[in-house]
2 protein chains.
Amino acid sequence: MEEHKPTVFVVDDDPAVRDSLRWLLASVDLDVETYASAPEFLDAYDPDKPGCVLVDVRMPGMSGLELQEELASRSTKLPVIIITGHSDVQMAVRAMKGGAFDFIEKPFNDQALLDLVQKALERNRETIEAQVEHEHIQRRFDLLSPRERQVLDLIVSGEPNKRIAFNLGLSEKTVEAHRARVMEKTEAGSLADLVKMVTLLQQHSS
Amino acid sequence: MEEHKPTVFVVDDDPAVRDSLRWLLASVDLDVETYASAPEFLDAYDPDKPGCVLVDVRMPGMSGLELQEELASRSTKLPVIIITGHSDVQMAVRAMKGGAFDFIEKPFNDQALLDLVQKALERNRETIEAQVEHEHIQRRFDLLSPRERQVLDLIVSGEPNKRIAFNLGLSEKTVEAHRARVMEKTEAGSLADLVKMVTLLQQHSS
DNA sequence: TGAGAAATAGGGGGAAACCCCCAAAAAGCT
DNA sequence: AGCTTTTTGGGGGTTTCCCCCTATTTCTCA
């Protein structure tokens with residue numbers, strides 16, 4: 001069972017900042033979890049939880065940037081808002097290039113931060129929605145046997161059964177059987193469906 | 001005929017900066033064009049020319065940010081490198097969100113800038129390559145008549161001719177004729193091909 | 001070692017798609 | 001008005017696909 005209520009994960013080594021952010025976010029009825037360091041958060045985080053991250057760039061040990069890059073490498077779709085105390089253009093650019101959702105300077109306007117968090121949560125909802133659809137399809141394609149995968153590739157590349165059979169050194173009948181099983185396992189209602197699902201999967205695999 | 005040699009478009013109101021950048025870029029055998037203001041560049045720029053833009057954020061009239069946003073709205077695929085004299089995180093974030101290729105602070109290391117320019121030009125090459133492929137396909141789909149487009153939509157959504165005919169109030173024979181013309185005009189070698197081309201076009205239309 | 005799945009292959013038949021031919025009404029464009 | 005394109009429809013045949021059934025060999029896993 002997945003959670004539906006999003007959580008704002010606050011990561012900052014300064015207890016005063018954590019408390020103040022917790023209070024601010026809770027004031028608009030948001031769930032908040034605070035962590036004193038990036039590794040502490042990474043340890044506790046369940047990848048299925050929706051939400052967004054609010055993290056300070058400058059922290060002892062792992063910086064906010066490194067946390068953001070670590071989350072990205074784990075293909076976590078959690079939007080990361082990075083907060084900085086001192087103007088550092090280099091860091092801002094690096095963070096944005098690394099896919100950070102935003103990069104804001106202290107002191108920030110409370111309402112502006114809340115708006116930003118809402119946008120991040122909205123983005124996260126959309127991402128998760130797409131992800132769920134993607135996983136449903138992937139799960140069905142995972143059911144395919146190696147041979148069925150080979151046949152699938154040739155089907156999607158537009159080959160007729162006759163040439164698929166020749167290509168794989170099989171009889172047309174066998175290809176027909178594989179093809180039928182591919183359509184059944186992937187729950188494709190038509191060839192067009194099948195091709196669309198495959199291209200969708202290819203998009204997010206690269 | 002398209003140009004193959006890329007050009008670096010330098011946009012800066014300071015003649016000394018223009019000259020120094022021109023000299024630097026020319027020293028590695030790059031073509032350079034300089035402009036004293038954003039509108040001046042926009043006026044002179046031919047959208048088919050490959051290259052990248054080097055622009056200062058702070059200029060009288062139109063800023064580097066505005067230039068970058070204007071280029072983006074024209075669906076110009078020219079990578080924009082924005083140069084700033086003073087640290088401004090807000091601007092850096094806005095630029096990166098707006099799709100700037102990079103945002104660097106003065107004074108910059110000459111070699112670092114040259115490397116950056118080369119990366120931007122490489123990105124531009126890739127973008128143009130994809131764009132050209134896309135346009136070739138688009139041009140073929142533009143040949144379709146309204147009726148053929150309707151039939152195409154239903155084909156791609158997986159409907160068999162029988163239901164397409166019923167759906168559009170036509171005989172199966174007519175649908176067959178339209179379908180054949182769709183395959184011919186789009187130069188699709190198979191249904192799989194057709195679906196792939198349509199999904200590719202849909203990707204870049206949204 | 002035995003059950004089940006995967007891979008192989010066939011028969012037969014029906015549905016769908018694809019291929020050529022044709023033709024005529026309707027709409028658009030000089 | 002005359003020409004072109006579009007849209008419409010058909011005849012007839014070939015190819016491909018899809019679905020029912022059976023059957024053997026191989027492989028894996030419990």
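The values are calculated or read from the model by the stated rules, or taken from the named source; none is laboratory data. Only a predicted model underlies this, so the values are computations on that prediction, with no experimental measurement involved. Methodologically, a virtual Cβ is constructed for each residue, glycine included, from the backbone with ideal geometry; neighbour enumeration extends over all protein chains shown.
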What are the residues in the stretch B:49-107 that are surrounded by fewer than 17 Cβ atoms within 10 Å (Cβ to Cβ), in contact (Cβ under 8 Å) with a residue 12 or more places away in the chain and on the phi > 0 side of the Ramachandran plot, if any? B:Gly61, B:Gly99
Among (1) crowded, with 17+ Cβ neighbours inside 10 Å; (2) within 16 Å of DNA strand C (Cβ to nearest atom) - the single one A:Leu121 does not satisfy: (2)
Within the stretch A:128-135, identify whether any single residue is away from DNA strand C (no atom under 15 Å from the Cβ), of a type in the set (Val, Ile, Thr) and either more than 30 Å from A:Phe101 (Cα to Cα) or away from chain B (no Cβ under 14 Å) (or both), and answer yes or no. yes
So, in the stretch B:145-157, exactly how many residues are more than 12 Å from every other protein chain (Cβ to nearest Cβ) and assigned to a helix (DSSP H, G or I)? 6
Kindly indicate whether any position in the stretch A:135-143 is hydrophobic (A, V, I, L, M, F, W, C), within 13 Å of DNA strand D (Cβ to nearest atom) and either at pLDDT 95 or above or assigned to a loop (DSSP other than H, G, I, E, B) (or both). no
When you go through B:Leu152, B:Leu143 one by one, which is the residue that is closer than 19 Å to B:Ser205 by Cβ, exposed (fewer than 14 other Cβ atoms within 10 Å of the Cβ) and within 15 Å of DNA strand C (Cβ to nearest atom)? B:Leu143
Filter the stretch B:186-204 for residues that are farther than 14 Å from B:His136 by Cβ and of a type in the set (A, V, I, L, M); the one that is farthest from DNA strand C (Cβ to nearest atom) is B:Val198
Is it fair to say B:Val93 is among the β-branched types (Val, Ile, Thr), assigned to a helix (DSSP H, G or I) and facing another protein chain (nearest Cβ under 8 Å)? yes
How about the stretch B:158-181: which of its residues are in a helix (DSSP H, G or I), surrounded by 15 or more Cβ atoms within 10 Å (Cβ to Cβ) and within 13 Å of chain A (Cβ to nearest Cβ)? B:Asn161, B:Ile164, B:Arg179
Any chance the stretch B:158-179 includes a residue that's within 12 Å of DNA strand C (Cβ to nearest atom), within 30 Å of B:Ser75 (Cβ to Cβ), out of contact with any Asp or Glu (no Cβ under 7 Å at 6 or more places or on another chain) and without any contact (Cβ under 8 Å) to a residue 12 or more places away in the chain? no
Criterion: more than 16 Å from DNA strand D (Cβ to nearest atom) and among the polar types (S, T, N, Q) - qualifying residue of B:Asn109, B:Asn161, B:Asn167: B:Asn109
Residue list for the stretch A:182-206, filter: at the interface with chain B (Cβ under 10 Å from one of its Cβ atoms) and either touching a Phe, Trp or Tyr at 6+ places or on another chain (Cβ under 7 Å) or of a type in the set (Asp, Glu) (or both): A:Asp193
Go through (1) over 30 Å from B:Trp23 (Cα atoms); (2) surrounded by fewer than 19 Cβ atoms within 10 Å (Cβ to Cβ); (3) of a type outside the set (Asp, Glu) for B:Leu114 and report which single condition fails. (1)
